[in-house]
Amino acid sequence: MATPKSIVSLVPASPPPIGQPPFSVLFVCIGNVCRSPVGERLLASKLPADRFAVSSAGVGAMVGYAMSRYAAAELTGFGGDPTGFAARQLTPAMTEGADLLLTATRDLRSQVLAESPGALRRTFTVLEFAHLVELAEGSTPGAVVTWAGAHRSAAAGVEQDVPDPFRRGPEAHAAAAHAIHGAVERIAKGLNK
């Protein structure tokens, strides 16, 4: 005879509050087919999936498209996997739900913040945050982001933009992917304490 399910097991679990596991990181670029998917897949491969949820979206996404072939090749070269990727349009719900937003450029950071000004202290360019995370104090990802948001000026003078390689050939994709890879290495180390 089957054991009846308790009423507790029938109630769906509520999502964790912001800042609680999994800690969510959202990469943002324009089309969501070059820079942000490379960042997403590389960072996801370096962080434990039970503690971190990494995703990406675009402000002018090519919704449903796979990653650019050059971006996919660069990602694979760094040990990432482009399989199953599909571009998504950035929405306010994504921005509001992310614990950390990483944009490809300062202009994209400004676009995100124009739509969601409340995300200021958790929105950075990927290169800016890579610099700040190495200086940050804090033993949890949330504490690291809070520190970085309060000490943004420590990244003054640091190159903050990863140029858009879209339709610019393999060399431009390689340069963008190398910049993102270097930043992701530092970010993964800083968040996964």
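We did not get these values from a lab; they are worked out from the coordinates using the rules stated. Note that the structure is predicted; figures quoted are calculated from it, not measured. Reconstructed Cβ throughout: ideal geometry from the backbone, glycine too, with neighbour counts over all protein chains shown.
Sequentially through the range 44-51, phi angles give Karplus couplings (6.51, -1.76, 1.60; θ = phi - 60°) of 4, 6, 9, 10, x, 5, 6, 10 Hz, Gly and Pro residues having no value and appearing as x.
P(r) tail for the chain, what percent of Cα pairs lie past 26 Å? Above the 26 Å cut-off, the chain has 30 percent of its Cα pairs.
Along the range 80-92 the Karplus relation, 6.51 cos²θ - 1.76 cosθ + 1.60 evaluated at θ = phi - 60°, assigns HN-Hα couplings of x, 10, x, 4, x, 5, 9, 4, 10, 7, 5, 10, x Hz to successive residues, with x for each Gly and Pro. Checking every one of the GluC sites (Glu not before Pro) in the range 116-193 against DSSP loop status and a limit of 11 other Cβ atoms within 10 Å picks out E137, E159. Computed about its Cα centre, the charge dipole of the chain is approximately 260 debye, with only Lys, Arg, Asp and Glu carrying charge at their Cβ. Extents of the range 101-177, largest first, come to 40, 28, 22 Å (Cα atoms, principal axes, whole angstrom). Need the C-alpha centroid separation for the range 29-108 versus the range 116-193, integer Å. Answer, in whole Å: 14.
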